[in-house]
Amino acid sequence: LTSSPSPARHRLRAVDRDEVVDMTDLLPPGATWLPAPQHTLPALPGHPPMVGYLVLVPADQQPPFLPVALPDGPQAAEPAVPAPGEPLVRIDTAQRTAQVGGHELDLTYLEFELLAHLVAHPNRVHTRDHLVSTVWGYGHVGDGRTVDVHVARLRRKLGVEHRRSIQTVRRVGYKYSPPLAR
């Protein structure tokens, strides 16, 4: 799997078995890479073993990407209280904070990851399986009920006024419809 050269987003793409990729073009200056040990990679039953790489970046450099999804569009300085027409739910992936209507939410690691993923892809329906594999990772042993429990907790923390922004799509999963400030 490789990442695109765009520094703002981390993208992955499948590589064909015979495709040759020059990894040095994808690395930041001074970084090195090496194959990840097979025992550290998740195994998917019925699928060929995964291949992964460790990218070693010098300590004085910032990574070329953030480990969580970013919302589409440019990031501006975030005001304490959103202006009319602005999104009420704001995610700061660098500081790992989430705000609703200017008030910071107290979220667990997975609640933050789930909310950040939903906010990064507004109005898109996500299946429970997709959310489990994206937010929890392929190695997670669990089912859609795990997602249901975390969504219920997120809705409680969003509060009565904003809990409807995470909508249930029956027999499919969930979607995030961003509420706007008035």
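The values are calculated or read from the model by the stated rules, or taken from the named source; none is laboratory data. These figures come from a predicted structure and were not determined experimentally. Here the Cβ is made from the backbone with ideal geometry for all residues, glycine too, and neighbour counts use every protein chain on show. What goes into the accessible areas is simple: the full protein's heavy atoms, side chains included, and nothing from ligands, DNA or RNA. Shrake-Rupley method; radii C 1.70, N 1.55, O 1.52, S 1.80 Å.
Each principal axis of the Cα atoms in the stretch 89-175 has its own extent, and those three values, largest first, are 34, 27, 20 angstrom. Remark: the stretch 89-175 carries 55 Å² of accessible area per residue (probe radius 1.4 Å; ligands, DNA and RNA excluded). In terms of modelled amide H atoms, which long-range or inter-chain residues lie less than 5 Å from the amide H of W33? Result for W33 returns L56. The charge dipole of the stretch 89-175, taken about its Cα centre with unit charges on the Cβ of Lys, Arg, Asp and Glu (plus for the first two, minus for the last two), comes to roughly 400 debye. If the chain linking Q95 and V125 were pulled fully straight, counting 0.36 nm for each residue of separation and taking away their Cα-Cα distance, it would gain 8.1 nm.
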